[in-house]
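Written out below as C-alpha cells is the structure these notes cover.
Rule-based calculations on the coordinates, nothing more; no lab input. Note that this is a predicted model, so its numbers are computed, not measured. Positions of Cβ are backbone-derived with ideal geometry, glycine not excepted, and every protein chain shown enters the neighbour counts.
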Amino acid sequence: MTQATPLRIADLAAQRVAIWGFGREGKAAITAVRSRLPGLPLSLFCSEAEVAAAQAFDASLVVQGCEPDATALSAFDVVVKSPGISAYKPALLAARDAGVRVTSGTALWFAENPAARVVAITGTKGKSTTTAMLAHLARSLGVRTALAGNIGMPLLELLDQHADLWAIELSSFQTGEAGPLELGVITSLYEEHLDWHGSRERYIEDKLKLADVSAKLLVSAAQPSLLQRTARHPDRFTFGTAGGWHVAGGHIRRGAQAVFDIAQLRAPGEHNALNACAALMALETMGFDTLEAAPSLATFRPLPHRLQPLGEHGGFHWINDSISTTPQATLAALASLSGRAVTVIVGGHDRGLDWKDFVDEMKAHRPHAIVAQGANGPRIAQALREAGVAVEEADKLDAAVKRARELTPAGGSILLSPGAPSFDQFHDYADRGRHFADMAGFDGRDIAGIDGLGIH
C-alpha cells in the first residue's frame, strides 16, 4: 500500500516482521528479505495446508497456519501482504489503525528501484497482453527489457537485476502499491473483483491510483468514463483515436498511415489489435522507434488462456478463453468470432457482477448456443430467459462441455469464456483452462506458459 515514506527492505531491520501469504509473491518476499537481512526473524501467516511446505521452504520461519485477526497482526511492526489479501480486511484495517505498517512485494520493489524506467500497465482487461506486447516490441529493438509483475513473475524475484525498460503489469490489488513511475497505462475499466475491493466505486478508485504516481498517463479513448476520470492528469495521452495509434480498415494505423495488417496478428480479435495500439503508444511515449518495432507484432505469441485456439478435435474447433472473468471480456471474445457457429460456455464463481450488458447483446447477436454453468450459472441463465434468450444449464464445467458437444454443429466452435472467476471449481483460471483442454481431447499440460518473463 502507498506509504508517506515508502519502506525499503533495509528499514525492516530490528522490526517485528510478518509475511502474510505463501503463494509465489509471499515466497519472493521471504527470499528478498532473507537476501538483505539474513538474521531478521520472520513470521508467516498461511493456510493450514501450506504449513509443511512453508517450513520446508525456510526452516527459520515462525509459521502460523491460520488467518490472523487484528490482535495477531498488532504483534508486529510491519506486515508484508500478498496481493490476493484484500487491503480492506477488517483485521488489517484495525492493525493499521494500531500503528502496524502494511507493505507488499510491489511496494518494496518500487522503493528499492526509484530510478528504474517503468511502464506500469493495468486495466480490467487487456493488461497482460498489452504488457507482454510492450516487452516484445522493445526487445525487437534490442532494448534490455523486464516483463514482470502480476503477469506471472513477482517483482521481488528480480530485485537485484538491471533492465533498461520495465514492462510491469499491475492488478487492481497492486496499483495502490506502486511508487512514482515514468508511464502508467490503463487499458480499460469495468467493474471486477468486487469481493476484494468491497464496491464498484472503490475498485475504480483503486485502479486509478496508478494515475496518481504516473508522470505520464496513457488511457483508452474508447471509454468516456475513463477519459472523464483522468482528465485532470497533467500529461495524459490516449490510444484508439484517429490522430494516433488506432485500428481501422483492417490495419493498425498511426494517424493516416497503415502500419500493420491485423491479419498478421496471431492474437485474434480487434480488441487485441487495440492492445497492440496501447503497447505501441507506450513505446513511443518512452521515446523508442515504434515504426521500426511494429513489424515484430507478427511474431508475438498470444498468451495462454486468452482466446487461445486449441485446435480441432472431434469435429469442433476449441477455444480457451479461461482468463475471461468479466461479462465484457466474454462479449469481446464472441465479437472476435463473429460469423462462426459458436457455443459459448459461461459462468463460474459469483462475485455479483452485473450481466445486463451481456444479456442485452445476446438479445441482439446471439451465438449458436449458450451453456451457463458454475456457481453463478443459474443467475445468468435466469437473466437470459427473462430476456427471451435461449440458454442451456449445466452444474459444472465437465457437464457444460458435454452439453456443448451435443449442441454444436460439425465444424462449429466451442468457446470457454466464462466471464467469471474460477474459484467455485478450480484453483485459478489456468487450472480451469487446462481442464477444459483435457475435456476437449487435448493435453492440458501442453498449454504453454507466458513467453519472455524476466529480463531479456
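For the listed peptides 342-350, 93-101, 268-276, a ranking on the average number of other beta carbons within 10 Å per residue, highest first, reads 342-350, 268-276, 93-101. Among Ala282, Ala146, Asn272, pick out the residue whose Cα is farthest towards the positive end of the charge dipole of the chain, where Lys and Arg carry +1 and Asp and Glu carry -1 on C-beta, about the Cα centre. Among Ala282, Ala146, Asn272, the one farthest towards the positive end of the dipole of the chain is Ala282. For the chain, a Kirkwood hydrodynamic radius built from all Cα pairs, placed in the Stokes-Einstein relation at 37 °C and 0.692 mPa s, yields a translational diffusion coefficient of 143 µm²/s. For segment 116-234, the spread of Cα coordinates along the three principal axes comes to 40, 27, 23 Å, biggest extent given first. Measuring max minus min along each principal axis, the C-alpha atoms of segment 308-446 give extents of 38, 32, 23 Å (largest first). Using the scaling law 2.2 N^0.38 Å as the reference, what is the normalised Cα Rg of segment 228-323? After normalising by residue count via 2.2 N^0.38 Å, the value is 1.26. Nearest 5 is fine: what % of DSSP beta bridges in the chain come out antiparallel, could you say? DSSP beta bridges in the chain are roughly 25 percent antiparallel. In µm²/s, what is D for segment 9-109 at 25 °C and 0.890 mPa s, where D = kT/(6 pi eta Rh) by Stokes-Einstein and Rh is the Kirkwood radius from Cα pairs? Calculated translational D: 184 µm²/s.
Could you rank the peptides 360-373, 102-115 by their average count of other C-beta atoms within 10 Å per residue, with the highest value first? Write out the running numbers ahead of the final one.
Values: 360-373: 19.0, 102-115: 22.2.
Peptide ranking by packing, descending: 102-115, 360-373.
Packing order of peptides 68-78, 326-336, highest average first: 326-336, 68-78 (average count of other Cβ atoms within 10 Å over each peptide's residues). Applied to segment 173-188, the Karplus parametrisation 6.51 cos²θ - 1.76 cosθ + 1.60 on θ = phi - 60° returns per-residue 3J(HN,Hα) values of 6, 10, 4, x, 9, 6, x, x, 8, 6, 9, x, 10, 10, 7, 6 Hz, with x for Gly and Pro.
Residue pairs exceeding 20 angstrom between C-alpha atoms, taken from Lys89/Lys127; Lys125/Lys207; Lys127/Lys207: Lys89/Lys127.
Evaluate E = 1/(1 + (r/R0)^6) for Ala14 and Gln264, where r is the Cβ-Cβ distance and R0 equals 60 Å; express this FRET efficiency to the nearest 0.05.
Values: r = 57 Å, r/R0 = 0.95.
Once the sixth-power term is evaluated, E becomes 0.55.
Note on Lys363 and Glu67: with the Förster distance fixed at 60 Å, the Cβ-Cβ geometry gives a FRET efficiency of about 0.90.
What full-extension length gain, to one decimal in nm, is calculated for Ala248 and Asp451 as 0.36 nm per residue of separation minus the Cα-Cα distance? Working shown, then result.
Working: separation 203, 0.36 × 203 = 73.08 nm, distance 2.86 nm.
Additional length available on full extension: 70.2 nm.
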